[in-house]
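Report on the following structure.
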Amino acid sequence: MSRQSRSWTIGVAAATAIVYAATIVLGLRIRDFSWFDLFKSAGQPRTAWTPPRRSDLPHGALGESIRRGEKIFNETPLYAAKYTGARISCGSCHAEGGIQPFASPVVGAPAAYPAYSQRAGHVISLEDRIQECFVRSENGQPLPYSGPEMHALVDYIAWLSRPQPGRRPYTGRGLAALGALPANPQRGGEIYATQCAGCHGEHGEGRLPLFPALWGPDSFNAGAGMHGIPKMAAFVQHNMPQNRMGILSAQDAFDVAAYIHAQPRPPFNPAFSKY
Ligand code: HEC
Ligand code: HEC
């Protein structure tokens with residue numbers, strides 16, 4: 001190659017690289033220009049839902065109650081000790097303090113109640129729904145309806161659920177349901193040993209304070225929603241292993257849920273069957 005044609009080739013390569021890089025940068029940038037968005041989706045809010053900031057907490061009694069609710073939510077056995085039998089918190093399942101998408105977030109719950117409950121066979125309030133999690137998921141006892149703990153939890157959930165003017169509404173309510181699959185608990189045991197035991201313990205006993213129990217005396221009881229294989233599979237497939245979310249297939253999740261389902265756990269106390 002002559003010197004001239006070599007420098008021509010280099011020139012073309014450099015120009016191509018510059019155009020290529022500029023396209024990527026522009027492609028990314030253009031989406032950030034709010035005027036561009038205006039053409040695309042006039043009238044739609046343009047900014048994502050964001051967790052409410054602690055600095056925006058109201059002053060006075062309501063702020064205090066919300067703060068108390070957050071503590072009860074994230075450290076239930078400590079801040080609602082009288083009503084909690086398990087050593088797991090609301091936030092052990094309603095992850096990230098109740099805002100993690102598809103981990104049964106409580107964001108938006110106030111607007112979803114009162115609602116008909118298949119389990120109860122009648123219309124229930126948000127407070128009733130909280131009681132269900134106390135007597136089943138927390139293997140505990142119902143709270144007094146007008147006590148400070150119940151008020152605090154309702155205030156906290158309402159605060160998370162406040163509409164956010166100019167922002168997109170929260171997405172990710174409920175669980176990412178997987179349908180029904182036949183499950184193999186034996187295979188699930190192998191998955192448990194390699195993917196779960198490191199955090200939740202060889203015998204599902206958990207490692208407090210970080211990692212909650214999955215079965216045994218410290219776990220939720222047999223009346224809990226999480227005791228259903230499809231429900232646990234939906235939770236696990238989307239949210240576990242917590243440090244590598246998304247690595248399990250739907251089949252893996254069903255198998256490991258069936259394995260956990262076969263382990264011992266506290267019975268549901270029939271005295272609380274009205275919840
Ligand atoms: C062992 C796991 C677990 C624990 C612990 C737990 N929950 Fe739940 N909770 C669930 C599941 C599962 C659901 C139903 C989710 C579904 O079917 O989409 C639920 C549903 C709810 C709902 C209704 C949500 C909605 O949007 O309809 C509320 C409110 C709630 N729980 C509050 C609490 C509170 C407060 C605590 C702590 C006292 C708690 N939960 C502890 C698993 C748990
Ligand atoms: C890196 C640690 C880690 C690993 C690995 C892990 N988990 Fe978890 N798990 C957690 C934490 C922490 C929570 C509490 C919720 C949160 O913060 O996401 C949790 C919560 C749960 C819950 C709901 C709470 C309860 O006590 O029942 C279930 C069910 C669960 N994990 C199952 C599994 C399964 C099944 C696996 C393996 C496939 C697994 N986890 C792997 C850390 C882990």
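The values are calculated or read from the model by the stated rules, or taken from the named source; none is laboratory data. Quantities reported herein were computed from a predicted structural model and do not represent experimental measurements. All Cβ positions, glycine included, derive from the backbone under ideal geometry; neighbour counts span all protein chains shown.
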Residues of region 72-111 satisfying the condition of being among the aliphatic types (A, V, I, L, M) and under 17 Å from the mean Cα position of the chain (by Cα): 72, 88, 95, 99, 103, 106, 107, 109
Any helices (runs of 4 or more DSSP H) falling wholly within region 189-275 and containing at least 2 residues that are charged (D, E, K, R), more than 10 Å from ligand 2 (Cβ to nearest atom) and in contact (Cβ under 8 Å) with a residue 60 or more places away in the chain: none
Taking the stated definitions as given, is residue 163 free of Cβ contacts under 8 Å to residues at least 24 places away in the same chain and at negative phi? yes
Are any residues in region 80-101 in contact (Cβ under 8 Å) with a residue 60 or more places away in the chain and either away from ligand 2 (no atom under 12 Å from the Cβ) or assigned to a loop (DSSP other than H, G, I, E, B) (or both), and if so, which ones? 80, 83, 85, 86, 87, 88, 89, 99, 100, 101
Looking only at region 94-125, and only at residues there that are among the hydrophobic types (A, V, I, L, M, F, W, C) and in contact with a Pro (Cβ under 6 Å, 6 or more places away or on another chain), the one that is farthest from residue 175 (Cα to Cα): 123
Looking at 115, 120, 213, 152, can you tell me which residue is of a type outside the set (Asp, Glu), crowded, with 21+ Cβ neighbours inside 10 Å and in the same structural domain as residue 61 (by TED's automatic domain parsing)? 152
